[in-house]
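A short worksheet on the structure shown next.
The values are calculated or read from the model by the stated rules, or taken from the named source; none is laboratory data. Because the structure is predicted, anything quoted here is derived from the model rather than measured. Backbone-built Cβ (ideal geometry, glycine too); neighbour counts: all protein chains shown. All accessible areas refer to the heavy atoms of the entire protein, side chains included, with ligands and DNA or RNA removed. Shrake-Rupley method; radii C 1.70, N 1.55, O 1.52, S 1.80 Å.
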Amino acid sequence: MSLPSWAQTLKLAYESGAHGQFVLHGNVADRYVLNGRLVGLVEYLEARLLAGFPLVFVFDPGNGLSVLRASEAFQSWPGAAQISTVGHAPRAAVELVSRYLRYRANLKALGRGEPEAVAVLLRGADQFLPASRAGDFETASLASLVRDWAGESPFAELPFVSLLIADNLHDLHPLVATNPRIERVQLPLPQAPDIEQAVAQLRVDHASAFDAGQGAEVAQQLAGVSLSALQSLVRRRAHVGQVLGDADWINVRKGMIENDAAGLIEFIRSERTLDDYHAQDALKVWLRQDMALWRSADLRALPMGYIFCGPVGTGKTFLVECLAGEASVPVVKLKNFRDRWVGSSEGNLEKIFRLIRALGRCIVFVDEADQTLGKRDAGSGDSGLSGRLYSMIAQEMSDGKNRGRVMWILASSRPDLIEVDLKRPGRIDVKIPLLPTSTEHESAGLLHALLKRLEVSPGVEELTKLDLPLLLTPGAAEALAVKVYRRVRTENVGAIEAITHSLIGYQPPVPLDVLEFQMRIAIREATDMQFVPERLRSYGSAPA
């Protein structure tokens, strides 16, 4: 079985002599297929990459220092007995390994044999070398000792590799994480071939959980799911004798992905299409053309991203769901990834980006983008956090390798507050204003669409005879439709009478001055005036 790409990168860097120390970060807590079993990362590394090392140490804060594979040379070393006295202290563990390596280097210098190949795995390195304690002397001292393994004598002259395992690179002490002599290797979430191998093995181990007719298409449906979550699901179903059908894989995927992401994202698979969105034809035609390009993999004219801007209540989130259904792709909606702990916010973004890359084609939706995405320079109040997050997001949005795989959609009623750099072509190529109705006929059409869902619409023709308000947003129209429906059901009146009574004393949910202010901003942001109804284009030239 061939090595995954990340393992090939690590193997090449060590065997070529380019690097002797590695930080493995990302999907490090997952399971890996090894000889017909799903195993943890340490066991996988020990079997697939470290089989030729006579001596392999492993340390983690919970279990302390232990020896996975002990050589005769180590067992004959006078200090070997001290391993039992190290306990859970990371500094004592690092110093003991360093002493042994110096001992072997001294023997070599005396001409008493070649040193043996030694490997050290430091699990949970971000727990005892945390970025949050970068200013602490004791932590910095320990980080310096570990850093020495990467390039200082005698360690760099020995056949020695050290593997530091951390969930997120940003959670690791900067003395180690930013060391130019270290190779940083990101472990991605499993791709379709990895999932296919795991499913094949789980089918053997837990046949009662599988439908006999299911094939390799299951792996395609589970992109973005970790193998540990998949294994847990199959075991539960096998235990209670429930077969996982084709529909089950789709339904459980959402829960598994959201659980793995620890609440940082919401996973949405939409059944809606642009037929469900009431808007002017020019807008829907443009979006349908883009989705057709995406489905046909014609990426040269496909936008990297959109901004949907406009007053509150214009259906920005609903349009994203319709667009996703039109393209038959899932939506990853970013939730609150900011944290108060040093490095945690950056680590959360790392986790989100890993998931996005594993999903294949998807839409990444950022609601209230003017608040969520941060600023290039937010002052000194947050110790530079906003700037770091801004930089990470900007870099990910402009990655050309994501074109055709990831489409970013930002939604905001105040797009003027989003950093200009984030809105440039190559990150956001199309800016679409979503605006309220501009004619009586548009108001009637919008209200009809919403009343029809409630089965109380008298029809567009009858609605145009009424004195309907202009500048009606979908949110305002929905509130009005619910009010009409309530009157029909509680007062036993017809639809026209209910609408007429509901319009008496009607007050728009958003004050007119706020609505018009947000309209002007949205129209000025538009990449093409064909998205703006003729009657509303004058707002674009009025002072904001």
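With viscosity set to 0.890 mPa s and temperature to 25 °C, compute the Stokes-Einstein D of the stretch 19-131, Rh being the Kirkwood radius across alpha carbon pairs; µm²/s, no decimals. So the translational diffusion coefficient is about 160 µm²/s. Solvent exposure of the chain amounts to 45 Å² per residue of accessible area, where only protein heavy atoms count and the probe is 1.4 Å.
Within the shell defined by Cβ-Cβ distances under 13 Å, the residues around Q21 carry a net charge of 0, with Lys and Arg each +1 and Asp and Glu each -1. Across the accessible surface of the stretch 323-482, with the other protein chains kept in place and a 1.4 Å probe, carbon and sulfur atoms take up 48 percent. A cut-off of 5 Å between modelled amide H atoms, ignoring neighbours fewer than 5 places along the same chain, links V364 with V332, M407, W408, I409. Enclosing the Cα atoms of the stretch 454-509 in their convex hull gives a volume equal to 82 cubic angstrom per residue. The peptide list 352-363, 8-19, put in order of mean Cβ contacts within 10 Å with the highest first, becomes 352-363, 8-19.
Normalised by residue count, the stretch 372-489 yields a Cα convex hull volume of 167 Å³ per residue. With Cα atoms defining each centre, the stretch 211-277 and the stretch 91-132 are spaced 43 Å apart in the structure. Note: the chain, Cα convex hull, 195 Å³ per residue.
Quick one: of the DSSP bridges fully inside the chain, what percent are antiparallel, nearest 5? Once the DSSP bridges in the chain are tallied, antiparallel ones form about 25 percent.
Going out from 0 in 10 Å bins, what whole percent of all Cα-Cα distances in the stretch 151-239 drops into each bin? Per 10 Å bin, starting at zero, the Cα-Cα P(r) for the stretch 151-239 comes out as 14, 32, 19, 19, 13, 3 percent.
Over the chain, dividing the summed -39,500 (n - 2.57) contributions of all DSSP H runs of at least 4 residues by the number of residues returns a 222 nm mean residue ellipticity of -13000 deg cm²/dmol.
Spacing of the modelled spin labels on D275 and K452, each 7 Å from Cα toward Cβ, amounts to 1.1 nm.
Here the stretch 372-443 and the stretch 279-320 have alpha carbon centers that stand 15 Å from each other. Ligands, DNA and RNA left out, the 1.4 Å accessible surface of the stretch 1-111 is 52% carbon and sulfur atoms. Computed from label points 7 Å out along Cα-Cβ, the spacing between R203 and W6 is 2.6 nm. Taking the inverse of the mean 1/r over every pair of distinct Cα atoms in the stretch 172-303 gives a Kirkwood hydrodynamic radius of 18.3 Å. Hydrodynamic estimate: the Kirkwood radius of the stretch 282-377 over Cα pairs, inserted into Stokes-Einstein at 20 °C and 1.002 mPa s, corresponds to D of 141 µm²/s. Using the Kyte-Doolittle scale, find the helices of the chain whose mean hydropathy is at least -0.5 and whose Cα atoms extend 27 Å or more along the helix's long axis, counting only whole DSSP H runs. Passing helices, by number: 90-109.
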